[in-house]
Amino acid sequence: MRIHFIAIGGSTMHNLALALHDKGYQVSGSDDVIFEPSKSRLQKAGILPEAFGWYPEKIVPELDAIVLGMHAKPDNPELLKAKELELPVFSYPEFLYQQSEHKTRVVIGGSHGKTTITSMILHVLNYWDKEVDYMVGAQLQGFDRMVHLTAENDFILLEGDEYLSSPIDPRPKFHLYKPNIALLSGIAWDHINVFPTFENYREQFEGFLQAIVPGGSITYNEEDAEVRDMVESLQAAVRKFPYKTPQYSLKDGKTYLETPEGPLPLHIFGKHNLSNLAGAKWICQQMGVDELEFYEAIASFKGASKRLEVLGQGNSSIAFKDFAHSPSKVAATTRAVREQFPDKKLIACLELHTYSSLNHTFLKEYRGSLDAADEALVFYVPESLEIKGLPAVLPDDIKSAFSNKGLKIFTSGTELETFLFGKEFEDSVLLFMSSGNYGGLNMKALADTLP
């Protein structure tokens, strides 16, 4: 097959392109900008576009399909040419479904935890040399690619994102996968630029459950009230498997999972990660891995990329970087670090990096999310709102929303850097939470100075 990618440089898009190239497809693509590591990976495979930009002449009748990425616009010249030629145009979730139509599709959904749960499952399957196809939203330790497709594997494991499928397809990605085996980890309002009310956001997860094929299964977090009520009221011919946070203990800064064979030391920590582990165990059992095999494999799992990564460590202090930025993730991550290091001072630094997080309506969702920290800092760039023509957010608005009297607000990367490099971090944990870079702050250099 000949496949052309419009916006080939995206994180998942370039991984899908590489997976199809490995599968023997003829792959081409275009993009107006491609960053690393996408650029080098595409170049090594010989499918990096010769020049950046959009070239309608690349769209020819001989193409079997077009895969359209979110980075493209609805009036993209290549897309318009494809429509003119009446070529089949797919979003990447549509194309993944087409590639997996005759496989057992395992889809991990939820506002939080889905990348970690997917990563745990892949780690366990890889440990036992069980081959599966997959698509995951983060680079995993021990895996070269985020997408792997074959003709022969029976299972495909998919991270089910609730965000839009493409610029011309407003359906959530996870509505398109039609899972045989599904998991729902939690529901906490997110993506308010697309889902302006919680009710609207919640409806997307109802659609996900309705998409499970008859006779399939839903594994769900019974400790999340929204999830529990939604699944238990589901009138569909599917099996229901609830899970909850397993018993665990802390000793000398180490988390131990209670198992039938006794306490099992883990690399990961935090109640939310133990809950994720419980969900992953149920899915692995449905994929042919028994409980004891799961425990043996999960002991060596060190976490998903960008999730509580250690930036640096001294004799008495440690620094973490986490991708958390939505309110529920910020609260869970902060509480997890507090629980893991009860005797150290916890300094939590959150960057409000997305336009959703700086929305006046949404800001109140952050109330109490940093309360587990001894010292809480919030960084944001007011000018980014001006550039977009959005309503201004003042430091007092943020203090009011978080309802944290000691909260420190920074609006300049230079000021934040001066403050942090001037602090004493003896017996401390420094926690950075963001999908951004705090205005260019060199977090690694700061972590390297920890005592």
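Got at least one residue in the range 339-348 being crowded, with 19+ Cβ neighbours inside 10 Å, over 19 Å from Ala447 (Cβ atoms) and not β-branched (Val, Ile, Thr)?
So far as the range 339-348 goes, no, none of its residues is crowded, with 19+ Cβ neighbours inside 10 Å, over 19 Å from Ala447 (Cβ atoms) and not β-branched (Val, Ile, Thr).
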Original post:
With respect to Arg145, is the statement that it is in a strand (DSSP E or B), under 26 Å from Gln26 (Cα atoms) and among the charged types (D, E, K, R) true?
Top reply: no
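Quick check: is even one residue across the range 314-337 loosely packed, with under 15 Cβ neighbours inside 10 Å, assigned by TED's automatic domain parsing to the domain that holds Phe419 and in a helix (DSSP H, G or I)? Don't jump to the end; show me each part of the working.
At the first step, the residues of the range 314-337 found to be loosely packed, with under 15 Cβ neighbours inside 10 Å are 315-316.
Pick out the ones that are also assigned by TED's automatic domain parsing to the domain that holds Phe419 and you get 315-316.
Narrowing further to those that are in a helix (DSSP H, G or I): none.
No, the conditions are met nowhere in the range 314-337.
Please state which one of Thr245, Thr259, Thr219 is hydroxyl-bearing (Ser, Thr, Tyr) and either farther than 18 Å from Ser185 by Cβ or at pLDDT below 95 (or both).
Working: Thr245 fails: either farther than 18 Å from Ser185 by Cβ or at pLDDT below 95 (or both); Thr219 fails: either farther than 18 Å from Ser185 by Cβ or at pLDDT below 95 (or both).
Of Thr245, Thr259, Thr219, the one residue that is hydroxyl-bearing (Ser, Thr, Tyr) and either farther than 18 Å from Ser185 by Cβ or at pLDDT below 95 (or both) is Thr259.
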**OP:** Enumerate the strands (runs of 3 or more DSSP E) found wholly within the range 197-310, keeping only those where 3 or more residues are in contact (Cβ under 8 Å) with a residue 60 or more places away in the chain.
**Re:** 217-221
**OP:** Specify which of the listed residues (Phe294, Phe301, Phe320) is closer than 18 Å to Glu351 by Cβ, among the aromatic types (Phe, Trp, Tyr) and over 14 Å from the mean Cα position of the chain (by Cα).
**Re:** Phe320
Subject >> Index of the failed condition, Pro170 passing every other in (1) in contact with a helix residue (DSSP H, G or I) (Cβ under 9 Å, 6 or more places away or on another chain); (2) not in a loop (DSSP other than H, G, I, E, B) >> reply: (1)
**OP:** Report the residue count in the range 49-97 for those that are hydrophobic (A, V, I, L, M, F, W, C), assigned to a loop (DSSP other than H, G, I, E, B) and under 16 Å from Arg2 (Cα atoms).
**Re:** 5
Original post:
Exactly one of (1) loosely packed, with under 14 Cβ neighbours inside 10 Å; (2) at pLDDT 95 or above is unmet by Pro37. Its number?
Top reply: (2)
Subject >> Enumeration of residues in the range 379-427 that are charged (D, E, K, R), touching a Leu at 6+ places or on another chain (Cβ under 7 Å) and over 29 Å from Asn315 (Cβ atoms) >> reply: Asp397, Lys399
**OP:** State whether one or more residues within the range 428-442 are in a helix (DSSP H, G or I) and not assigned by TED's automatic domain parsing to the domain that holds Ile192.
**Re:** no
Original post:
For residues in the range 148-193 being buried (at least 19 other Cβ atoms within 10 Å of the Cβ) and β-branched (Val, Ile, Thr), which is nearest to the chain's Cα centre (by Cα)?
Top reply: Ile187
**OP:** Would you point out the residue of the range 11-34, among those that are surrounded by 20 or more Cβ atoms within 10 Å (Cβ to Cβ) and among the β-branched types (Val, Ile, Thr), that is nearest to Val89 (Cα to Cα)?
**Re:** Val27
Original post:
If you scan the range 229-274, which residues turn out to be small (Gly, Ala, Ser) and touching a helix residue (DSSP H, G or I) at 6+ places or on another chain (Cβ under 9 Å)?
Top reply: Ala236, Gly253, Gly270
Original post:
Just checking, how many residues over the range 217-243 are closer than 18 Å to Leu277 by Cα and β-branched (Val, Ile, Thr)?
Top reply: 3
**OP:** For the range 334-392, name all the residues that are in contact with a Phe, Trp or Tyr (Cβ under 7 Å, 6 or more places away or on another chain), among the basic types (Lys, Arg) and under 18 Å from Ala324 (Cβ atoms).
**Re:** Arg367
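The values are calculated or read from the model by the stated rules, or taken from the named source; none is laboratory data. Fair warning: this is a prediction, and the values are worked out from it, not measured in the lab. Quick reminder, even Gly has a Cβ in these numbers, built from the backbone with ideal geometry, and neighbours come from all protein chains shown.
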